[in-house]
Amino acid sequence: MRRPEGYTPLQGDVAELRTLGEKLFNDNSLSSNGLSCATGHINGMVYLDTFKTQCPHFVAMGKRDFGMDMVHLDEMAQICMVAPMAAEPLEWDSKELAALTEYTRQEQQKYIDKP
């Protein structure tokens, strides 16, 4: 689930990516088991305190399931696609991955700012 060699995240209109990302975050058709990203993170729940640290940072599931000491947001999206959602990872250069990453960045900032 590591970023490919020479990878540069896809850039785009932030508002458009966040809108698409929110839709994908709630879309259970991305998985093979009926889960969506939102299933595990309803209203910002089930984020650990490490989510308050900007990425890359340590994520227990990344270490446990993939041997990764540090995880970028796009890598975490891929980890979630493969592990809890039992799906294929998204294409690294896809708008879908960029959108999920940008939406997650926004959600992370809300979590960081939460008192």
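On the stretch given as region 82-103, residues that are aromatic (F, W, Y) and not in a loop (DSSP other than H, G, I, E, B) total 1.
Any residue at all in region 44-67 that is touching a helix residue (DSSP H, G or I) at 6+ places or on another chain (Cβ under 7 Å), at positive phi and part of a loop (DSSP other than H, G, I, E, B)? Yes, the conditions are met somewhere in region 44-67. Tell me, please, whether a residue that is touching a helix residue (DSSP H, G or I) at 6+ places or on another chain (Cβ under 9 Å), at pLDDT 95 or above, within 25 Å of P115 (Cα to Cα) and among the acidic types (D, E) can be found in region 14-24. There is at least one residue in region 14-24 that is touching a helix residue (DSSP H, G or I) at 6+ places or on another chain (Cβ under 9 Å), at pLDDT 95 or above, within 25 Å of P115 (Cα to Cα) and among the acidic types (D, E). Of the residues that make up region 70-81, is at least one over 12 Å from the mean Cα position of the chain (by Cα), surrounded by fewer than 20 Cβ atoms within 10 Å (Cβ to Cβ) and not in a helix (DSSP H, G or I)? Yes, region 70-81 contains at least one residue that is over 12 Å from the mean Cα position of the chain (by Cα), surrounded by fewer than 20 Cβ atoms within 10 Å (Cβ to Cβ) and not in a helix (DSSP H, G or I). Among the residues of region 31-54, those that are open to solvent by less than 40 Å² (accessible area, probe 1.4 Å) and not polar (S, T, N, Q) comprise C37, A38, G40, G44, Y47, F51. Number of residues in region 81-115 that are among the β-branched types (V, I, T) and more than 22 Å from D65 (Cβ to Cβ): the value is 1. Scanning region 61-111 for residues that are within 19 Å of A38 (Cα to Cα) and small (G, A, S) yields G62, A77, A83, A86, A87, A98, A99. Beta carbons closer than 9 Å, at least 6 apart along the sequence or on distinct chains, pair a first residue in region 50-71 that is closer than 17 Å to T101 by Cα with a second that is surrounded by 16 or more Cβ atoms within 10 Å (Cβ to Cβ) and acidic (D, E) for F51/E107; C55/D74; C55/E75; P56/E75; V59/E75; G62/E75.
Apart from one condition, L10 fits all of (1) among the hydrophobic types (A, V, I, L, M, F, W, C); (2) within 17 Å of T101 (Cα to Cα); (3) in contact (Cβ under 8 Å) with a residue 12 or more places away in the chain; (4) exposed (fewer than 14 other Cβ atoms within 10 Å of the Cβ); the exception is (4). Against the numbered list (1) surrounded by 14 or more Cβ atoms within 10 Å (Cβ to Cβ); (2) assigned to a loop (DSSP other than H, G, I, E, B), L20 comes up short only at (2). Within region 34-42, can one find any residue that is of a type in the set (V, I, T) and either assigned to a helix (DSSP H, G or I) or closer than 27 Å to P115 by Cα (or both)? Yes, there is a match, as at least one residue in region 34-42 is of a type in the set (V, I, T) and either assigned to a helix (DSSP H, G or I) or closer than 27 Å to P115 by Cα (or both).
The values are calculated or read from the model by the stated rules, or taken from the named source; none is laboratory data. Keep in mind the model is a prediction, meaning the values are calculated, not measured. Cβ atoms come from the backbone with ideal geometry, glycine included; neighbour counts cover every protein chain shown. Only protein heavy atoms, including side chains, enter the accessible area calculation; ligands, DNA and RNA are left aside. Shrake-Rupley method; radii C 1.70, N 1.55, O 1.52, S 1.80 Å.
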